[in-house]
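Q: Here it is, the structure, as structure tokens.
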Amino acid sequence: MSRKKILILGGGFGGMHVLKELQKNLDTKNTSITIVSEKNYFLFTPMLPEVASGMLNPRDLTMPLREFCDNAKFFQADVFSIDLEQKLVTITRKFDGKNHALEYDYLVLAVGSINNFFGNKAIEENSFTIKTVEDAIELRNQILLMMEIGAQTGSVGLQKKFLTFTVVGAGFAGVEIIGEINHFVRKSVKQAYPTIIEKNINMILISSKNKILPELNQKLGESARTYLEKMGVRIITNVRAIDAGESHVELSDGEIIPCTTLIWTGGVTTSPMISALNCEHDKGGRVLVDKYLRLKGHPEVYALGDCAAALDVDTGKFYPPTAQHALRQSKIVMQNIKKALAGDENLNEFSYHSKGMMATIGNRAGVASLMGHSITGVLAWIIWRTYYLSHLPTFESKVKIGVGWAINLFFGTDLTQIGETKSKNLHEITFDDAPSLKDQLFTDL
Ligand SMILES: Cc1cc2nc3c(=O)[nH]c(=O)nc-3n(C[C@H](O)[C@H](O)[C@H](O)COP(=O)(O)OP(=O)(O)OC[C@H]3O[C@@H](n4cnc5c(N)ncnc54)[C@H](O)[C@@H]3O)c2cc1C
């Protein structure tokens, strides 16, 4: 009997956990498991904002996928296309750009999501994002560069522009990133940039809704808002960013914010490879799955995580795109593949109600909603850290991150700028904005 081929696409929360579960629970003599991912590592995204602020090192959050492949093959490649009829996946090899086809009996789609700029090219070209480890490194370098050049100008207007950081999107990622960089910039300026005037630092959070953190209850959203405002963040609600340049952001109410750093967390969508699949999709392009997490019309294809739309029958809405859900779904995918291999038609249904949601909002503060209780401040921050530390997939990463946090309790912020900054030449800054020759003498330095 030939071995059944299981092919997993994507090595993030969904794909990596399906891989682990299958290897643990399947008889690998009768099955062959292959995982394909564009990066050769798993990335623990919830701590990404802490890489942007230098609190954690990029390598602390990344774990090589090969470490998880006890009985599986790994290909680092881009998935180019999926042929559901012929059960073939075409991948593009990194070293020569040639395509290579992989057959499957069971396919697991776990390729996550991509940033959605809603077709706004100006915003796409002029913003930083926070989805990958490279994004976090670029953003950190940009923040450091803005502090360095801000410290060299005697012009108040120019210093303000360099030190204005605008985050668009007030969901988890947006709130966590503004909380993190607000603390990082203010602390670093006090620590090492005597020529930066504190009142020239502007941290702005833009929400298209009338609140922030809509995923949490009203009370917690309000308490996060009060805390961030107390820490110096200006929160603007009920507006959208509609245009941007190298040194400004324009809002839907007409306000133009002079700033050289725009961070976009305004939405996600699926990659063109997923939206082009010949199957049912939701409005955002995610593939529709049934209660067993199978693609409608293709019972041999499972989808989970951010690229899948699974209906929560209790709420009538799709489950939210979170790591928590991808993790829970991975168990069901494993159980159902195992049953299908054994010819058992009594598959398991996916149903999960999160026991809590939490977010960090800056300097040792957080908000959490746990089993119906609302928690704020340092306790929520400790719970956040403990929970996510325990969910890191390897012992080594737990130690590295635990040690990194401990070191940060005792030492100042690391201000080294290593690596590339997203190319941002700021050639739009006009002569009018430039300091006078006298200012350029840096008499105050
Ligand atoms: C900054 C940030 C903070 C977050 N914080 C939290 C949090 O606190 N709690 C929480 O629950 N969730 C959080 N999330 C959301 C969480 O990261 C996602 O919901 C989760 O990662 C989804 O898992 P996934 O497997 O669907 O996708 P991912 O984890 O994104 O994995 C997708 C994988 O597919 C690979 N891939 C994509 N396209 C291709 C291709 N064409 N070919 C080959 N490989 C491909 C990618 O490289 C990646 O390995 C956060 C996200 C971000 C960006």
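Q: Looking only at chymotrypsin sites (Phe, Trp or Tyr not before Pro) in DSSP loops with at most 16 other Cβ atoms within 10 Å, what is the longest site-free stretch of the chain?
A: Formally, the longest exposed-site-free interval is 119-351.
Q: Toward the positive end of the charge dipole of the chain, about the Cα centre and with charges on Cβ (Lys, Arg +1; Asp, Glu -1), which of N408, G419, T260 goes farthest?
A: Sorting the options by dipole projection puts first N408.
Q: A further question on this structure: Comparing G254, G245, G377, which has the greatest mean-square fluctuation in the GNM of the chain with Cα pairs linked when under 10 Å apart?
A: Per the Cα network of the chain with a 10 Å cutoff, G254 tops the list.
Q: List the residues, sorted by chain then number, that are 5 or more residues from T129 or on another chain and whose placed amide H is less than 5 Å from its amide H.
A: Placed amide hydrogens put W264 under 5 Å from T129.
Q: Enumerate the amide H contacts of G366 below 5 Å, restricted to partners 5 or more residues apart or on another chain; note that Pro and chain-start residues carry no placed amide H.
A: Answer set, sorted by chain and number: I361, G377, V378, A380, W381.
Q: Using alpha-carbon pairs under 8 Å, 6+ residues apart, how would you state the relative contact order of segment 218-353 in percent?
A: In percent, rounded to a whole number, it is 13.
Q: Also, I was wondering about something else. Rounded to a whole number of µm²/s, how large is the Stokes-Einstein D of segment 1-101 at 4 °C and 1.567 mPa s, given Rh as the Kirkwood radius over C-alpha pairs?
A: 87
Q: Based on DSSP H runs of at least 4 residues, each adding -39500 (n - 2.57), what is the mean residue ellipticity at 222 nm of the chain after dividing by all its residues, to the nearest 500 deg cm²/dmol?
A: Theoretical 222 nm ellipticity from helices: -9500 deg cm²/dmol.
Q: Oh, and also: Any chance you could run the full-extension gain for T90 through K219? It's 0.36 nm times the residue separation minus the Cα-Cα distance, nm to one decimal.
A: The T90-K219 span can extend by a further 41.6 nm.
Q: Below 8 Å between Cα atoms, with a sequence gap of 6+, how large is the relative contact order for segment 162-290 in percent?
A: 29
Q: Spin-label point model (7 Å from Cα, Cβ direction): what's the S351 to I242 distance in nm?
A: Between S351 and I242, the simple spin-label model gives 4.6 nm.
Q: OK, next. Length gain on complete extension for the stretch I383 to H281, per 0.36 nm per residue less the alpha carbon to alpha carbon distance?
A: 33.1 nm
Q: Compute a Gaussian network model of the chain, connecting alpha carbons closer than 10 Å, and tell me which residue from E103, E138, E85 fluctuates the most.
A: Answer for the Gaussian network model of the chain: E85.
Q: List the lysines whose alpha-carbon lies under 17 Å from that of K190, not counting same-chain residues fewer than 8 positions away?
A: Within the straight-line limit of under 17 Å, K190 reaches these lysines: K160, K199.
Q: Calculate one ³J(HN,Hα) per residue across segment 153-169 by plugging θ = phi - 60° into the Karplus curve 6.51 cos²θ - 1.76 cosθ + 1.60, and present them in order as whole Hz with x for glycine and proline.
A: Per residue, the Karplus-derived 3J(HN,Hα) values read 10, x, 8, 4, x, 6, 4, 4, 4, 5, 9, 9, 10, 10, 10, 9, x Hz.
Q: On a 0 to 90° scale, report how tilted helix 395-410 is relative to the longest principal axis of the chain, with both axes built from alpha carbons and the result rounded to the nearest 10.
A: Relative to the chain, helix 395-410 is tipped by roughly 10 degrees.
Q: Hey, another quick one. Identify, among T164, S188, G154, the residue whose Cα sits farthest towards the positive end of the charge dipole of segment 154-198, taking +1 on the Cβ of Lys and Arg and -1 on the Cβ of Asp and Glu, with the dipole about the Cα centre.
A: G154
Q: Another question, then. Collect residues whose amide H, placed 1.01 Å from N in the peptide plane, falls under 5 Å from the amide H of F80; neighbours closer than 5 in sequence don't count.
A: Amide H neighbours of F80: T90, I91, T92.
Q: Also: To the nearest 20 debye, what charge dipole does segment 1-145 have about its Cα centre, counting +1 at the Cβ of each Lys and Arg and -1 at the Cβ of each Asp and Glu?
A: Value, rounded to 20: 460 debye.
Q: With springs connecting C-alpha atoms under 10 Å apart, model the chain as a Gaussian network and identify which of V168, V111, V233 has the largest mean-square fluctuation.
A: With Cα springs under 10 Å in the chain, the top fluctuation among V168, V111, V233 is at V233.
Q: Taking θ as phi - 60°, what are the ³J(HN,Hα) couplings along segment 311-316 by the Karplus curve (6.51, -1.76, 1.60), each to the nearest whole Hz, with x for Gly and Pro?
A: These are the phi-based 3J(HN,Hα) values: 7, 8, 5, 6, 9, x Hz.
Q: Which one of G179, L145, N120 is farthest out on the positive end of the charge dipole of segment 92-250, using unit charges on Cβ (Lys, Arg +1; Asp, Glu -1) and the Cα centre as origin?
A: G179
Q: Continuing with the same structure: Ignoring ligands, DNA and RNA, what percent of the accessible area of the chain is carbon or sulfur (1.4 Å)?
A: Carbon-and-sulfur percentage of accessible area, whole number: 53.
Q: Tell me the relative contact order for the chain as a rounded percent, counting alpha carbon contacts under 8 Å between residues six or more apart.
A: Computed over the chain, the figure is 19 percent.
Q: Give me the 1.4 Å probe accessible area per residue for the chain, excluding ligands and nucleic acids, in Å².
A: 47
Q: What dipole magnitude, in Debye to the nearest 20, does segment 329-390 give about its Cα centre under +1 on Lys/Arg Cβ and -1 on Asp/Glu Cβ?
A: The dipole magnitude comes to about 300 debye.
Q: Sticking with this structure for a sec: Only four residue types carry charge here, +1 at the Cβ of Lys and Arg and -1 at the Cβ of Asp and Glu. Report the dipole size of segment 262-389 about the Cα centre in Debye, rounded to the nearest 20.
A: About 420 debye.
Q: Would you please give the FRET efficiency between D314 and D414, computed as 1/(1 + (r/R0)^6) with r the Cβ-Cβ distance and R0 = 45 Å, to the nearest 0.05?
A: It comes out at approximately 0.50.
Q: Could you go through segment 379-385 in sequence order and give the Karplus-derived ³J(HN,Hα) for each residue, using 6.51 cos²θ - 1.76 cosθ + 1.60 with θ = phi - 60°, rounded to whole Hz, and x for Gly and Pro?
A: Karplus-based 3J(HN,Hα) across segment 379-385 equals 5, 4, 5, 5, 4, 4, 4 Hz.
The values are calculated or read from the model by the stated rules, or taken from the named source; none is laboratory data. Just so you know, these numbers come straight off a predicted model, no measurement behind them. With ideal geometry, Cβ positions are generated from the backbone for all residues, glycine too; neighbour counts draw on all protein chains shown. To get the accessible areas, we keep the full protein, side chains included, count just its heavy atoms, and leave off ligands, DNA and RNA. Shrake-Rupley method; radii C 1.70, N 1.55, O 1.52, S 1.80 Å.
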